[in-house]
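The values are calculated or read from the model by the stated rules, or taken from the named source; none is laboratory data. All figures in this text were calculated on a predicted structure; none of them were measured in a lab. Cβ sites come from the backbone with ideal geometry, for glycine too, and all protein chains shown count toward neighbours.
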Amino acid sequence: SQQGEEDPQALSIQEGENATMNCSYKTSINNLQWYRQNSGRGLVHLILIRSNEREKHSGRLRVTLDTSKKSSSLLITASRAADTASYFCLSYNQGGKLIFGQGTELSVKP
Amino acid sequence: NAGVTQTPKFQVLKTGQSMTLQCAQDMNHEYMSWYRQDPGMGLRLIHYSVGAGITDQGEVPNGYNVSRSTTEDFPLRLLSAAPSQTSVYFCASSSLLQGVKTEAFFGQGTRLTVV
């Protein structure tokens, strides 16, 4: 089974709105990473948050990490049509395996 | 730096054929892994390696072999392809810095169809 579970599985919003995606994981982690994948394309690294960090920002992205709840959230502010993609969280489980969450499919309508 | 290079980008195989998907990285990363991506299943770990000479199974290893004779290369072998192995395959590498694993870098993917 996968390390991370993400919700929602699909999210549809209007341009300019904020999008929030959540990821839960099962075991303790060193860090957690978020990736974007445009349809049929490769994976683009967005942001990495370490286990001793609670919040991190990068441009319009804000990531939070709650290690007590084993969860992370990715917020995209002022979304654009170009943000339409699938978003995945990625973390190492206790066995050292790098495991993906199921992913959230974000659709931003112009 | 080329990063992670995966070849080929596309491949069509007949059932029972064998082939090797190549993955090479030039960042001296210790950790390398292979994933397959299927609709509705997300990306699942096939095999991984924490260094040259060391490999281990992921979530869906059956039907696949790997080896890690050098730090740079981590080929994935399909010994007898089956239609169920039709998928998009991604290779990744990452490093260990002061005990903390770093950002994972991904290849562009290989789209494999088994007919």
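Could you say whether any residue in segment A:6-18 is touching a Pro at 6+ places or on another chain (Cβ under 7 Å), among the acidic types (Asp, Glu) and at pLDDT 80 or above?
yes
Scan segment A:53-63 residue by residue and report those that are touching a residue at least 12 places away in the same chain (Cβ under 8 Å), assigned to a strand (DSSP E or B) and not small (Gly, Ala, Ser). Don't jump to the end; show me each part of the working.
So in segment A:53-63, the residues touching a residue at least 12 places away in the same chain (Cβ under 8 Å) come out as A:53-54, A:58, A:60-63.
Now narrow it down to the ones that are assigned to a strand (DSSP E or B): A:58, A:61-63.
Result: A:Leu61, A:Arg62, A:Val63.
Could you tell me which of the residues A:Gly16, A:Gly42 is away from chain B (no Cβ under 11 Å) and of a type in the set (Gly, Ala, Ser)?
A:Gly16
Report, ordered by the first and then the second residue, all pairs with beta carbons closer than 9 Å, sequence separation of six or more or different chains, a first member in segment B:47-68 that is surrounded by fewer than 18 Cβ atoms within 10 Å (Cβ to Cβ), and a second member that is among the acidic types (Asp, Glu) and assigned to a strand (DSSP E or B).
B:Val50/B:Asp56; B:Ser67/B:Asp73
Residues of segment A:97-110 being more than 8 Å from chain B (Cβ to nearest Cβ) and out of contact with any helix residue (DSSP H, G or I) (no Cβ under 8 Å at 6 or more places or on another chain), which ones? Talk me through it step by step, then tell me what you get.
Just the residues of segment A:97-110 that are more than 8 Å from chain B (Cβ to nearest Cβ), to begin with: A:104-110.
Listed by number, the residues that qualify are A:Thr104, A:Glu105, A:Ser107.
Conditions (1) of a type in the set (Phe, Trp, Tyr); (2) within 20 Å of B:Ser80 (Cα to Cα), marked per residue:
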residue	(1), (2)
B:Lys9	no, yes
B:Lys14	no, yes
B:Met19	no, yes
B:Asn28	no, no
B:Tyr31	yes, no
B:Leu43	no, no
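Restricting to segment A:33-60, and then to whatever is surrounded by 16 or more Cβ atoms within 10 Å (Cβ to Cβ) and among the hydrophobic types (A, V, I, L, M, F, W, C), can you tell me which residue is nearest to B:Gly3 (Cα to Cα)?
A:Leu43
List pairs: first residue in segment A:65-79 and closer than 12 Å to A:Ser24 by Cα, second residue among the aromatic types (Phe, Trp, Tyr) anywhere in the structure, Cβ distance under 8 angstrom, at least six positions apart or on different chains.
The qualifying pairs are A:Lys70/A:Tyr25; A:Ser71/A:Tyr25; A:Ser72/A:Tyr25; A:Ser72/A:Trp34; A:Leu74/A:Trp34; A:Leu74/A:Tyr87.
Quick grid of which residues meet (1) of a type in the set (S, T, N, Q); (2) assigned to a strand (DSSP E or B):
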| site | (1), (2) |
| --- | --- |
| B:Leu21 | no, yes |
| B:Ala24 | no, yes |
| B:His29 | no, no |
| B:Trp34 | no, yes |
| B:Arg44 | no, yes |
| B:Tyr48 | no, yes |
| B:Asn65 | yes, yes |
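So, in segment A:5-32, of the ones that are part of a strand (DSSP E or B) and among the hydroxyl-bearing types (Ser, Thr, Tyr), which residue ends up surrounded by the fewest Cβ atoms within 10 Å (Cβ to Cβ)? Give the derivation first.
Taking segment A:5-32 as the starting set, the residues that turn out to be part of a strand (DSSP E or B) are A:5-7, A:10-14, A:19-25, A:31-32.
If we keep only those that are among the hydroxyl-bearing types (Ser, Thr, Tyr) as well, we get A:12, A:20, A:24-25.
On the way: A:Ser12: 13, A:Thr20: 16, A:Ser24: 17, A:Tyr25: 25.
So the residue we want is A:Ser12.
For segment B:25-39, check the following and say yes or no: at least one residue is over 27 Å from A:Gln9 (Cβ atoms), among the charged types (D, E, K, R), surrounded by 14 or more Cβ atoms within 10 Å (Cβ to Cβ) and more than 12 Å from chain A (Cβ to nearest Cβ). Don't jump to the end; show me each part of the working.
We begin by selecting, within segment B:25-39, every residue over 27 Å from A:Gln9 (Cβ atoms); these are B:25-32.
From what's left, among the charged types (D, E, K, R): B:26, B:30.
Filter again for surrounded by 14 or more Cβ atoms within 10 Å (Cβ to Cβ), leaving B:30.
Remaining after also requiring more than 12 Å from chain A (Cβ to nearest Cβ): none.
Checking segment B:25-39: not a single residue is over 27 Å from A:Gln9 (Cβ atoms), among the charged types (D, E, K, R), surrounded by 14 or more Cβ atoms within 10 Å (Cβ to Cβ) and more than 12 Å from chain A (Cβ to nearest Cβ).
Among the residues of segment B:70-102, count how many are free of Cβ contacts under 8 Å to residues at least 60 places away in the same chain and either surrounded by fewer than 16 Cβ atoms within 10 Å (Cβ to Cβ) or more than 11 Å from chain A (Cβ to nearest Cβ) (or both).
16
Condition first: buried (at least 19 other Cβ atoms within 10 Å of the Cβ) and either in a strand (DSSP E or B) or within 14 Å of chain B (Cβ to nearest Cβ) (or both). Now tell me which residues in segment A:74-96 satisfy that.
Answer for segment A:74-96, where residues must be buried (at least 19 other Cβ atoms within 10 Å of the Cβ) and either in a strand (DSSP E or B) or within 14 Å of chain B (Cβ to nearest Cβ) (or both): A:Leu74, A:Ile76, A:Ala85, A:Ser86, A:Tyr87, A:Phe88, A:Cys89, A:Leu90, A:Ser91, A:Tyr92.
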